[in-house]
Structures are given as C-alpha cells and as structure tokens.
Amino acid sequence: MDIPSRRSQPDLRRHGNSHRRLQRRESNGSSASYVSEIEFATAEPFSGVAAESVPTSTTGFAYRSDQPLVRQRSATSDVQEHGDGGNFSQKLYIEAEDLTMVIAGFTTSSLGVLVYTLICLVTAGIGYLVFRWIPRWRVRLVGVPAPLRKCGWVVVENQWGEFSVHYLTAEEYGHPMSTVFNTLDREKHNGYQYRADPNLKLLRFLDYRYMRLIYHPTEDKFVPNNDWWDPQWTEVKALRAGLDSEERERRSQVFGKNAIEVEEKSIGQLLVDEAFHPFYIFQIASLLLWSMDEYYYYAAAIFLISVFSITTTIIETRSTMRRLREISKFECDVRVLRNGFWRQSASTELVPGDVFEVSDPSLTQLPCDSLLLAGDCIVNESMLTGESIPVSKLPLTDEMLTYVDLGATSIHPVVARHFLFCGTKIIRARRPHDTDDDEAVALAMVVRTGFNTTKGALVRSMLFPKPAGFKFYRDSFRYIAVMACIALVGFIASFVTFIRLGLAWHLIIVRALDLITIVVPPALPATLTIGTNFALGRLRKDQIFCISPQRVNVAGKLDVVCFDKTGTLTEDGLDVLGVRLVQHPEIRFGELLDEHQEVLPPAKYDRDPTLDYRVNKTMLYAMATCHSLRLVDDELIGDPLDLKMFQFTGWSFEEAPAATAHLAEPGSHQMPLAVARPPPGMEWELDDETEGYESGPRLRLELAVVKSFEFGSHLRRASVVVRQSQDPGVTIYVKGAPEVMRDICMASSIPSDFDDLLSFYTHKGFRVIACASKYISRLDGHEVEQMERTEAETSLQLTGFIVFENKLKEVTTEVIEELNQARIRNIMCTGDNILTAISVARQCDLLDRNGHCFVPHFVRGDKMDPMAQLSWESVDNKSPYELDEHTLLPLAIGPERDGGGRRFDNSLGGAADYSLAVTGDAFRWMIDFGSTELLQRMLVKGQVFARMSPDEKHELVEKLQALDYTCGFCGDGANDCGALKAADVGVSLSEAEASVAAPFTSHVFDISCVPRLIKEGRAALVTSFCCFKYMSLYSAIQFTTVSFLYASASNLGDFQFLFIDLALILPIAIFMGWTGAYPELSKKRPTASLVSRKVLTPLLGQIALCVLVQLVIFETVQRQPWYQPPRLDREKSSIDNSQNTALFLVSCFQYSLSGVVLSVGPPFRQPMLTNAPFCVTLVIALAISLYLLLDPAVAVKRFMDLTDMAFDYEGFLLAIALLGFGTAYMAERHLFPIVAKKLARHKQRKRYKVIGEEMAL
C-alpha cells in the first residue's frame, strides 16, 4: 500500500520493522487487515492445540491439509470472487494478534441436512461422532458455498489449521458506515474515489475468539472493529463532549458490552465434550467389548478409572475457567458524562467515546482502554508488563492525538504516556491544577472496550495460545497410527486363525477386536503428560510457576538464552558512585565527588573561595528536579535510577498543588507540577550567588518544576523546565545517555576527555548519565506552556556525569558459567550503553574476558540510510584486529596487507575466538537494509545487543528462531513482554501478574531459574520418552502373549489382565516419571523425535528380545511331561492351561524388569535408585511375581487361573526372564545406540550450525 509522507514532526519512529513505523493516522500507515503470504496449515495430521497438550478439544483431529475445505490463495488478493462479483471467501490478517485466517461463506442445504440426519440414525450415532471429530466432512455435506454478503454461516480456519464454524448475527442498524468502520475523508474503492458515508442498513457480524468481525458491504469482506476511530476525534476539545443516550445505544449495538466475560461451560457441556473425545469413545467401545467377553471385573476397574479421570478433568477445567473469569472480569460504577450531565453508570455500559471521571475516589481500577484528557494519573501497569514501578500519565495533546493508532501491534511509548490501559490499577488521580474551576476533574475518554482492550487481548492469548510447534506430540500420534496398523494386521491374522479353528462368530469378532485394545492401550496418551506434571510440581517448589505446561518439554531443547541486564543479570537498584563535573573555565572534568556535601558544601565557609560553584549548584539542582518521581502517601515512587539519584541530593519533594500554589506566576493558570526543597539548614546558603534576576529580599530556596518532557526510549533522555522562587526566567535541566547528550550540547561545553572518561567508566561496568542545562532569562507561563521539546533540548551546557554502580547478582556468574559448560549459548539483550553491557558481560563470563569483541559504528550515514556503511572495530583499543564489513570475518591490521591495506588473518583460531557486541542502531540497519547473509552471521556471532528497544528485543528473538535456534528469554518484564511472549520459553522475574506476559514466572529474582528450568525440561522430555516407550513395550509384550495364546484358542484370564494393567503397569508407569532432574547440565541434548532411529531402534530391539523370550517359553512348555494343553471350546476361550500360566508368569517379569531397562538416569535424570517410590514398586511387583511363580496358595492359583508346573521348570522360566532382562539392559545401554548410529541417515542440519561452520573455515 502507498504510505504518504508525514508532516514535519518530532522523531516518533517505532523501533520495529521498517514497515511498522509510527505514522499519523491519516497516513494510513497501519492496517488491521491486509493480505500477507503466510504458509497455511501444515501437513501434520495433528497440528492444532489438541496435538500440543493432548486436551479434550478435537480440533487437531479435524484437520487434513491434503483436503483443504477453505480455499487458499496467493497474497495477490485477499478475497475470492465468483462470476456474480460476490466474494465467497477472504483472507484476513490481524496484526495486533499476529493472526491470519481464511473466512468462507456457506448456506445450509436442506438435502444435506436430511442425509446427515439419516447417516447419524442409521449408524446408531457413529456417524455423528465422526462428523463431530472431523467437522469439515459435515460442512461439505450440509453446507453450500455462498457469497459473504448472503451467507448464513461461515467457516474460519487460521494459519495453524484450527477450524471452526460460526453463525452470523444480523441486526437492523440504519446509521452511517463511519460509525462502524474506519474511513478516511477520501477512500479509493475499485479504482474510484468517493466521499459518501452511506447508511448501513443491516449490521452482520460474527464473534471469533471473542473478537468481533463485522461485514463491510462496500468492501465485501469482514473486518475487525478493535481499531475503530471516530472521524470527529480530531482535537482534544472535541473528545471532552461525551455522548448522548442515542449515540451510546448505537455504539453499544456495534461494540457490545464492556466486559471481559469468559464463557463458562456447564457441567453437562464439559461432560459431553470430554466423553465424546475419541480417546474416551475408544474407552467406551473397549468396555462394551470386554463386557461382551465377560471380563466384568477388568471392565469395571477401567470404567471406574475413566469416570475418575473425566471427573478430575471436568473439575480442573471448571476451576481453571473460573479462576480465569475472576482474573478477567471486572465491573464497577463510574461517573460518566451523558447528555451533557454527570451520572453514575455501570462500567459494563461504557462505549468508545464515553467520557468518565478518573479522579473518582471509588475508581481503583481502569475498566477500559482510554485516553487521559485532563488531570494526571499514576498507575500500576504490572498486569501488562510485570514491572511494578508506577507509571505517570499526562493529559493528551492535539499533537499526540494524531499519532494514536489503535490498530498497531502495541501502543507506542510516546502515546502510552497518555493512554490508560484496561485492568491497570490507579495509584493516584488528580484533578487538573491549571484551571480556576473548582469542579474540574480528571477526565478520560473510552477508546476500546471488552475484549478489544489490551487486557482483553492478554486474556484471549491465554485462552487461545499459539501452538508450540513441538513435534514430540505430533510424533506420538503418528506412532499410535503405526501401532493401529500393527493391530489391524494382528486382527486379520487372529481372524483367520479363529475361523480355521472353527470358533463361534461372536467369539471370533470379540477376540479379534480385543487385540486392537491391547496394541493401542487406552491409557497411552495419558502417559505423555506424566513427566510434565511431575516437573511442574518440582518447579513450583522452586518458586517457578507455569501457565503453559507444554512449554516444559520445549525448555529441554533450548539452544540459546537471551538475558536482559538490569534487574536480571545485575541488581535492580543502582547506587550513585559519584558525579564528575565539568570545571570552568578549563572545560575539563573534575575529580569524582561521592557525597552531596562534596558536590556543594552546605555552609559558605566550607567552600573553596578559588572555585566557581555555579556548575556544582546546577548539577545538584538537576539531580533534585530532573526525574519522574511521584509522591504517593508520603512515599516517593518511580524509576529506581531516579530514586537513587534524588536520594543522593538529600532534598525533599512535594507534589500537592496547595504546597506549590505560591510559586505560580501571577496572572497565570499554570501551576507547578512539583517543587524540590533543600534539606533543613541549607535553605539560604545555596542561593546567595543567584544570578538572572534583580536583587531583592532573600527568599527561601524552592525549585518548581513547571513543565516536563518525560523519558522517551527513542530519544534516550528526559528534561524539565524549572522556575526558581520569584525568578522571571527558567532553567532547563536535561539528563540522558551521554551519546545523545553531546549532540544537543554546545561543542564549547564538551570537555576534550569526554569520550575517554565515558569509555573508562563504561569499560568497568558502570552506568553513566550525562546532565546539561541552560538558563532562559525571561519566559512567562504561556511561553513555557507552548515550548516544544526540540526548543528546550538544544544549545545546552554540559554539566557533568552521574556515575551509577550496578552490581552483578550473586548467582549470575555461576549460572552463566554453568550454561557455557553445557554449550548453551548466552546473549545479553539490554537497553544500556554498549560498553557498559560488554563490561558486565565480561564480568559474568558471558563474554570471554580475554577474547576479541568487535563493535560497529557508522562511518557513513545512519540507521535510516540504506547506503550507510558500518565498520567493525575491536572494543579493545590496542587490538590489531578488525572485521571485514562484508563477511564479518577477522582482519589483522599488519605489515603484510592486501591492496586495501589489510590482510585476512586466521590467527584468531576460527569462529569461536571472537564475538560481536551490536548496538540497537546497527541491528536496526541490518534488519532493514543489510544482506540476509550478513544479518545471519551477525546473529550467530553476536553475544551482546545493547541500546535495544522493546520491539528490537522482540525482533531479535524472532530472527534467532528463524535460524533454527530454540530460544529462551529471561527478563524482569519491564520492557520485555514482546520478547517473553515470542520466545520458545519466556521466563519473567516478577512477583506481579506478569505471568500473563510469559509462560514461566520466577518468584526468585535471579537467573538461577534458567538452568533449573532447562534441567526439568530435559528430565520431563526424557521421562515422556521413557513412559511412552514403556507403554509401547507393554503393548508389544501383551500383544505377543495374546497372539501366542490365540493360536490355540486360549487367552489371558480376567484377573490376569487386571493384575497386569492395574497392579503392575499403572504404578510402574506413574512412578517411573517421579525421578528428578539430574543436578548438572550436560553438553548432550535429549532427542525430541519419537520417530528417530535413536528412539525406534532400541524400542524395536526390546520388542524383539521380549518376543524371543516368550517364544522360548511357549515352545519349551509344550514339551514338558506335565503340560496341560488348552481345551478347545467353540463358545469361549480356554484359560486353565500350561501355555497361559507360563506366558503370563514370564510376561509379569518382563513388565517389571522392562521398567528398569527403560528408566533412563544421567545425564538428564537422577539415577533410578534415588526414586524411592519407583524402586519400592518394582520390588513389590517382582516379589508378587516370584510368589505367583514359586509357591502360590491354592486359592490364589484358582483366583489367577494358574496351573501347576514342575519346580525345575519354574527355575528355568525365572532364569530365562533374568537372562532376557540382562541382555535387554546391556543392549539398551551399549548395543542399540551403536546400531542406531550406524543406521542413522544424514539429517538436515540447523541453519545456525551451518553458518557457524562456514565462518570457521
């Protein structure tokens, strides 16, 4: 789309992709819906949420990409037109949700409904179940494709293949289209421009995932209404008018109720959903089958277990949904301006455009997204960011109004200063203090309600998380499909055998079907979650909490972890090391002053008469006023850096208007925002050299902040306009990053050692803030109010540096070293200065202290210039190396040079011996204009990414994932929400509700949670494999036993099945997952593929050994003199025979001892002997098996359907079982891995490994 150029405005560019700059709304720079070429619906048979967490949803079972129902088209058009000109389907991309969907229209076929009903009736409900599991079959049968403008219902399919049917709601409307859809003054449609705003007669919409999509008749497509903007909202004054009742009713019809209400299913609905899941239908079919075969005890036991499982699931689901409803739902009373009068109203009745009072004492939490119009607020946004530092909100200006973009992925930080987010808590709201109106209140205007709010989007992300894309779960269902094929073969073989033996038909069918329940045990899917559940329990004990359980296994595959610096690697609090002042007239930095008494001695006689203390006072005044602190309940709150800086001065601070009213300029309505006062005993001495206004009676020193320009991440500075007692002039104080401060200061005020001193402190890991000021001799209140930021922050005099000390947390170095030893790559991603970041990285061994580190700088152009040129130089000034800007390979600067004055030098020893530290500007340029190869090489070698904005942190994670890294991110949540959500595993260090922003939240505020999480992830992954292999082997053992017995029309007895499944298999499978994570991180990674040769080779080998052991027993028992053959009964199976007894007993040992063979220990889990419940279970199981083999009581024999065997054969059977165990154990540890390695075929290597090897050559 064409994006017209903007008018000249302050630099408000978003730190994101180049096509996502912050634009004025009329520039049409962003759109909630546009076409994008996105790969649709993978070829995986189970690819939805159901496949990831094995829940009760059947969406994953419904999708088959080789038979697409919703037509997929190229990105050249987002709609599909038919001959009559109507669109039958459309593709919609909602940027704020990163959600792509295809919507197709249908009407209902009467004939199709009749056929559907007949199928359901004729098949006794089986057809209904099939159509329920595969809804696209039902859509094909009963649906007729129809144009979107005429359809009665639609099918929606998103990019993950999740499929749903939605019926449209149609209501009479009859109001202009601009009240529903975003329109510009001039729109272009089908090549023609028009100005009309026709009436919308019928409002047709659907609610998809609590997101309203409304049919646009002119564009013939559905569009979301979450970014709607009233064309009349052109200036702040117009926003204050509020709505009348008629307009409110109209907007309520469009936007619905202002409530985030999560639908709570009834117990009946949950029961139906659970019971009709394919897993439980398979269970029910198995129960019927066993009942027909008179296996009543076993069927009853399985029935009770299933009822317990369903009940537990329903209770847990209800509890989770109720908890989510409690978190999301909020209702209160608000004072709203309606028909020009103030009235009380329920918050659920608010609609966009409503004006409500924020300073109402009863309002403690914001019920909607709104813009602050008057007054000021301090709010706690920890629910959104995890950062509990209060945030100040200021009234919206006409200039900022033009930059509000509700369709953007996030509210830009510059606009966010005026934006009140739904769900955030109000710490303080004050009425406007620049008016004489005693009844003036703090006002806000509603812009988004319900699920359209930021909080609504967060709740929606919890309800509908993105599929993790982890192939373990998909592989498990593939494996089940393979097992089902084996069962089919067994079914056919046994069917033929039974016919040959002449058994009754009902027995043939029952026995053959029973074989399927043996090969595909109903309990198999449940075992996938055992390891994860135990890991979650252990993590909770370590104060690590999780809202996305499937991510636990993903944590076991992490290749790289990105860390925020401040508050994550280092302590939260910064301590002021001291200040370095610019001395005059020499224009050089003085010595470090580490106490405020040294900066400016309180008494005149303590001062050196030879020194000029004006710069000292300027620095002290800047530290006392240039901050974002607020006073709430007599406590200063705000940014920790600002708080430490202010505490260094020893001054006091007041915000109450009554305390600052006397400082207002006569005749002006402008009231000071706050006032700073020196400590007792220093009120007079400080100001005895005041300049800039006529002498008069000495006044108490008070510094009134009359205007502030808050810190902007894009500018990296903040400033205040300060008026001193009765001074007609003002002083502007600015503080910010030294790199940007030198650009706005006069060159004559910059000391020659500016760069050297900055480099000295940043190399040692200190954080440096520069301060500057300028005095304007006469400036009245109106002029101050009209002053632009660009005017205030120019031609400044540099005052000096404030040096902050940021200490590493105690465990940081130890954890980084542990991750390094495990060859898990560590990256620092911070907004701090690059040299400070490098120093901290070297202190904690994230960077090699003796290794070469290269940093970029622009030798031509800047980050916005496509033709700019980057140069990479060593951070160590004396280093003889630099990087080739085209290859990022090391170059030595020496006497033997090529034509360009350099020569390539490989003496660095390859790619592992140097690293890159990348600035945010260089990263931005690489993303926007650099070559793909150069960007990938930078990502592979980059260890430190500094001066990164929140959006750039998010992009870094996505770019690493594009190189096949499994990426983790650990931060304190302040500016890391995007990165935490984008990462494969996001860990937030917060005690607030930041769990919304990340899958994991640690209440221990250091990075020790990261290796702990990786260890538990690896243990959970290995446990899932162990349990799955064990259940597969159990199926194979029982399948073998039953197949041998079927050959002579025999079978296992009811209580034998019951003993195997409940007394042996169930406790062993459960307690096998009890084993804890190994305390040390290994360099080796666990496999994540069930269908890999590394997994299948040992499993098939174990199955072969088990079959061999049973074959030996089956053959030898028939040669014994005491052998009791099975009696052929055409109506039922023979149980009491020697084959049954021998195979049952040997299989009991196999079930128990296979648990030992498959219980993996180091390097991912602790040794088996540390798992006491598992060991006790094995001992008991083996003891009972020995008892049944050697000397069972007569009653036990009769109960278990056992026959007598000779003692020597019992010894032989035990020896064969132990020999099989020994062989299996040794083969599992030594032989099978070698065979798997020999059979392994070349697999596609991860992209980052290929790039690393290319750079090492």
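The values are calculated or read from the model by the stated rules, or taken from the named source; none is laboratory data. Here the structure is a predicted model, which is why all the values come from computation and not from measurement. All Cβ positions, glycine included, derive from the backbone under ideal geometry; neighbour counts span all protein chains shown.
Residues considered: ARG1198, ARG1127. Of these, the only one that is out of contact with any helix residue (DSSP H, G or I) (no Cβ under 7 Å at 6 or more places or on another chain) and part of a loop (DSSP other than H, G, I, E, B) is ARG1127. Residue count for the stretch 441-468 satisfying the condition of being modelled with pLDDT under 90 and either part of a helix (DSSP H, G or I) or within 22 Å of ARG417 (Cα to Cα) (or both): 11.
Residue check: GLU261 meets all listed conditions (1) under 22 Å from VAL459 (Cα atoms); (2) touching a Lys or Arg at 6+ places or on another chain (Cβ under 8 Å); (3) modelled with pLDDT under 80 but one, namely (3). Candidates ILE1103, ILE1068: the one that is at pLDDT below 95, assigned to a helix (DSSP H, G or I), crowded, with 21+ Cβ neighbours inside 10 Å and not small (Gly, Ala, Ser) is ILE1068.
Which pairs turn up if I take residues in the stretch 334-351 that are surrounded by fewer than 17 Cβ atoms within 10 Å (Cβ to Cβ) and look for partners that are outside any strand (DSSP E or B) and hydroxyl-bearing (Ser, Thr, Tyr) with beta carbon separation below 7 Å, at least 6 apart in sequence or on another chain? Pairs found: ASN339/SER245. Scanning the stretch 243-253 finds one or more residues that are more than 20 Å from ARG325 (Cα to Cα), under 33 Å from the mean Cα position of the chain (by Cα) and surrounded by 15 or more Cβ atoms within 10 Å (Cβ to Cβ).
Screening the stretch 596-628 for residues that are in a helix (DSSP H, G or I) and among the β-branched types (Val, Ile, Thr) and picking the one that is nearest to PRO640 (Cα to Cα) gives THR625. Can you find a residue that is crowded, with 20+ Cβ neighbours inside 10 Å, touching a strand residue (DSSP E or B) at 6+ places or on another chain (Cβ under 7 Å), at negative phi and assigned to a helix (DSSP H, G or I) anywhere in the stretch 530-539? Yes, the stretch 530-539 contains a residue that is crowded, with 20+ Cβ neighbours inside 10 Å, touching a strand residue (DSSP E or B) at 6+ places or on another chain (Cβ under 7 Å), at negative phi and assigned to a helix (DSSP H, G or I). Please go through the stretch 336-387 and give me each residue that is touching a His at 6+ places or on another chain (Cβ under 6 Å) and modelled with pLDDT under 90, ordered by number. Within the stretch 336-387, no residue meets the criteria.
Can you work out which of the residues in the stretch 1175-1193 that are in contact with a Pro (Cβ under 9 Å, 6 or more places away or on another chain) and buried (at least 16 other Cβ atoms within 10 Å of the Cβ) is nearest to MET1205 (Cα to Cα)? Within the stretch 1175-1193, the match that is nearest to MET1205 (Cα to Cα) is ALA1181. Checked against (1) more than 30 Å from VAL957 (Cβ to Cβ); (2) surrounded by fewer than 24 Cβ atoms within 10 Å (Cβ to Cβ), ALA624 meets all criteria but (2). Looking for something closer than 20 Å to VAL1196 by Cα and among the small types (Gly, Ala, Ser) - is there at least one such residue anywhere in the stretch 1138-1145? Yes. Hey, any hits in the stretch 1154-1162 for a residue that's closer than 30 Å to LEU960 by Cβ and surrounded by 17 or more Cβ atoms within 10 Å (Cβ to Cβ)? Within the stretch 1154-1162, one or more residues are closer than 30 Å to LEU960 by Cβ and surrounded by 17 or more Cβ atoms within 10 Å (Cβ to Cβ).
Just wondering, is there one or more residues in the stretch 1227-1248 that are under 24 Å from PHE1114 (Cα atoms) and either surrounded by 15 or more Cβ atoms within 10 Å (Cβ to Cβ) or not aromatic (Phe, Trp, Tyr) (or both)? Checked against the condition, which is being under 24 Å from PHE1114 (Cα atoms) and either surrounded by 15 or more Cβ atoms within 10 Å (Cβ to Cβ) or not aromatic (Phe, Trp, Tyr) (or both), the stretch 1227-1248 yields at least one hit. Residues of the stretch 694-701 include at least one that is surrounded by 17 or more Cβ atoms within 10 Å (Cβ to Cβ), within 27 Å of SER777 (Cβ to Cβ) and modelled with pLDDT under 90.
Of everything listed in (1) in contact with a helix residue (DSSP H, G or I) (Cβ under 9 Å, 6 or more places away or on another chain); (2) at pLDDT below 95; (3) in a strand (DSSP E or B), the single unmet condition for PHE106 is (2).
Taking first residues from the stretch 1106-1131 that are under 17 Å from PHE1207 (Cβ atoms) and partners that are assigned to a helix (DSSP H, G or I) and among the aliphatic types (A, V, I, L, M), the Cβ contacts under 7 Å between residues at least 6 apart in sequence or on separate chains come to ILE1113/ALA1142; ILE1113/LEU1143; ILE1113/VAL1146; ILE1113/LEU1213; ILE1113/ILE1216; VAL1117/ALA1142; TYR1123/VAL1117.
With respect to the conditions (1) at pLDDT below 90; (2) part of a loop (DSSP other than H, G, I, E, B), THR794 lacks only one, and its number is (1). Of everything in the stretch 198-257 that is in contact with a strand residue (DSSP E or B) (Cβ under 9 Å, 6 or more places away or on another chain) and polar (S, T, N, Q), the residue that is farthest from MET101 (Cα to Cα) is SER245.
SER1082 passes every criterion in (1) in a helix (DSSP H, G or I); (2) within 31 Å of the chain's Cα centre (by Cα) apart from (1).
From VAL803, VAL734, VAL720, grab the single residue that is assigned to a strand (DSSP E or B) and in contact with a Cys (Cβ under 6 Å, 6 or more places away or on another chain). Quick ask: steps written out before the conclusion?
Details: VAL803 fails: in contact with a Cys (Cβ under 6 Å, 6 or more places away or on another chain); VAL734 fails: in contact with a Cys (Cβ under 6 Å, 6 or more places away or on another chain).
Checking each option against the conditions leaves just VAL720.
The residues on offer are VAL510, VAL496, and the sole one that is farther than 21 Å from SER286 by Cβ, part of a helix (DSSP H, G or I) and at pLDDT 75 or above is VAL496. Tell me yes or no: at least one residue of the stretch 999-1013 is closer than 30 Å to THR568 by Cβ, touching a helix residue (DSSP H, G or I) at 6+ places or on another chain (Cβ under 7 Å), assigned to a helix (DSSP H, G or I) and not aliphatic (A, V, I, L, M). Yes, there is a match, as at least one residue in the stretch 999-1013 is closer than 30 Å to THR568 by Cβ, touching a helix residue (DSSP H, G or I) at 6+ places or on another chain (Cβ under 7 Å), assigned to a helix (DSSP H, G or I) and not aliphatic (A, V, I, L, M). Here PHE1144 meets the list (1) surrounded by 14 or more Cβ atoms within 10 Å (Cβ to Cβ); (2) in a loop (DSSP other than H, G, I, E, B) almost entirely, failing just condition (2).
Considering the stretch 225-318, the qualifying helices (runs of 4 or more DSSP H), each wholly inside and each with 1 or more residues that are touching a residue at least 60 places away in the same chain (Cβ under 8 Å) and of a type in the set (Phe, Trp, Tyr), run over 245-255, 278-292.
I'd like to check something: does the stretch 327-335 contain any residue that is assigned to a strand (DSSP E or B), closer than 25 Å to GLU235 by Cα and more than 34 Å from the chain's Cα centre (by Cα)? Explain how you work it out, then say what you get.
Kept after step one, since they are assigned to a strand (DSSP E or B), are these residues of the stretch 327-335: 333-335.
Cutting the leftovers down to closer than 25 Å to GLU235 by Cα gives us 334-335.
Filter once more, keeping what is more than 34 Å from the chain's Cα centre (by Cα): 335.
Yes - at least one qualifying residue is present in the stretch 327-335.
Of all residues in the stretch 401-414, those satisfying the criterion of being outside any loop (DSSP other than H, G, I, E, B) and under 30 Å from the mean Cα position of the chain (by Cα) are PRO413, VAL414.
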